[in-house]
Amino acid sequence: MGTAESTCIEMGLICGKAASSAARSASPCICQSVRYILNHMVQYTKARLDASFAALSDATRRGVLEQLGRADASITDLAEKFHMTLTGMKKHVGVLEQAGLVTTKKVGRVRTCKLGPRRLAEETAWIEEYRQLWTSRFDELDRVVEELKQKERVDGRKRRD
Amino acid sequence: MGAKGEIDPTSGKNRTTVERKSERELVVTRRFNAPARIVFEAWTKPELLKRWWAPKSFGVSFLSCEADVRTGGTYRFVFRHAASEQPMEFFGRYIEVTPHSRLVWTNDEGGEGGAVTTVTFEERGGETLVVMHDLYPSKEALDAAIASGSTCGFSETFEQLDELLVTLSTSVGRS
């Protein structure tokens, strides 16, 4: 079973705990997963995706995450930066906070925001998995392209000769 | 996200970048050290496509690779994976084929909700920047594709996330 399971893990599948039992029985899990690896590698779970989308569907909220990636900031700072009212910014931060992307802490009268423990880790991990696949594909494509270039050079020389 | 076409310092190869542009789109970029006509050829001749589209490191291989690469033409790829008895099929139609610069195809194996893939080839100084863009018809289509791809069940984390989402959608609904 080692092969199937390690392939499954290598591919960064989202099967989680189900992976080992799935590998043992070569269940549709792997088949499905491989299917999706190939088919645009959309191996998010629905929940994971919904969470990201709900929070990230808004340009301001994406901007806030980007900003917090650089440095922690208070809600007042963020409101100023994004030309918003305090109330408006509080709402956005609330959505991000509930999705686990941002945490806030009140010290005195100032509420400071920073990237949450979940941060964009899952998002990033998924993008990275997808990138891995395309990197592998393109590395092989490089070889094909090199061959075609060589062939063209040889053919070109032949024509000249 | 790094600059398009930068070199990966660890491998010395051209870097592949992936960016999610929106809830409906994904964009992949990569530079190739060859003119566009050569890169284009490798994407449009089935016997060449076959050599790179199913990378060995992913444990998949082609059972068959048919591609009639011209506007209105169709493709059908059949893969095999060591862990699965059932072959996997991918098929669709080429909507646009503009030699050396642009390819557009549909991904029909998933029914209505499939993405439309656009690949552009931009040549500059003997190099080619490939930009691949997957556009899903709607957020729901992408969600559905994803949901059907995750039949393995959720890990604890995701279950917790589900609970969070319920809270989230209720509170958003209220405001």
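Dipole magnitude for segment B:13-82: computed about the Cα centre from +1 point charges on Lys and Arg Cβ and -1 point charges on Asp and Glu Cβ, it is near 260 debye. Pairs from the list A:Lys151/B:Lys13; A:Lys81/B:Lys13; A:Lys151/B:Lys50; B:Lys13/B:Lys56 with a Cα-Cα gap above 28 Å: A:Lys81/B:Lys13. Indicate the gyration tensor shape class of segment B:34-84 (rounded, prolate or oblate), computed on the Cα atoms with a ≥ b ≥ c the square roots of the eigenvalues: a/c under 1.5 is rounded; otherwise a/b larger than b/c is prolate and the rest oblate. Cα axes put segment B:34-84 in the oblate bin. Other protein chain C-beta atoms within 10 Å of residue C-beta, averaged over A:77-84: 0. Label positions at A:Thr60 and B:Lys13, each projected 7 Å from the Cα along the C-beta direction, are separated by 4.3 nm.
Of B:Asp134, A:Asp77, A:Asp155, A:Asp161, which has the most accessible area with a 1.4 Å probe, and how do the rest follow in descending order? Display every interim value, and only then the final one.
Details: B:Asp134 0, A:Asp77 80, A:Asp155 55, A:Asp161 150 Å².
My answer, sorted largest first, is A:Asp161, A:Asp77, A:Asp155, B:Asp134.
Among B:123-130, A:147-154, how do they line up by average Cβ neighbours within 10 Å per residue, starting with the highest? Walk me through the numbers on the way to the answer.
Values: B:123-130: 15.9, A:147-154: 13.0.
Most protected by this proxy first, the peptides run B:123-130, A:147-154.
For the residues of A:59-65, the average number of beta carbons from a partner chain within 10 Å of their own beta carbon is 0. For the residues of B:19-29, the average number of beta carbons from a partner chain within 10 Å of their own beta carbon is 3.
Rounded to the nearest 100 Å², what is the sum over both chains of accessible area buried where B meets A, with a probe of 1.4 Å? Approximately 6100 Å², summed over both chains.
The values are calculated or read from the model by the stated rules, or taken from the named source; none is laboratory data. Computed from a predicted model, the values in this text were never measured in an experiment. We place every Cβ from the backbone using ideal geometry, glycine too, and count neighbours over all the protein chains shown. Ligands, DNA and RNA are stripped out before the accessible areas are found, and what is left, the full protein with its side chains, is counted by its heavy atoms. Shrake-Rupley method; radii C 1.70, N 1.55, O 1.52, S 1.80 Å.
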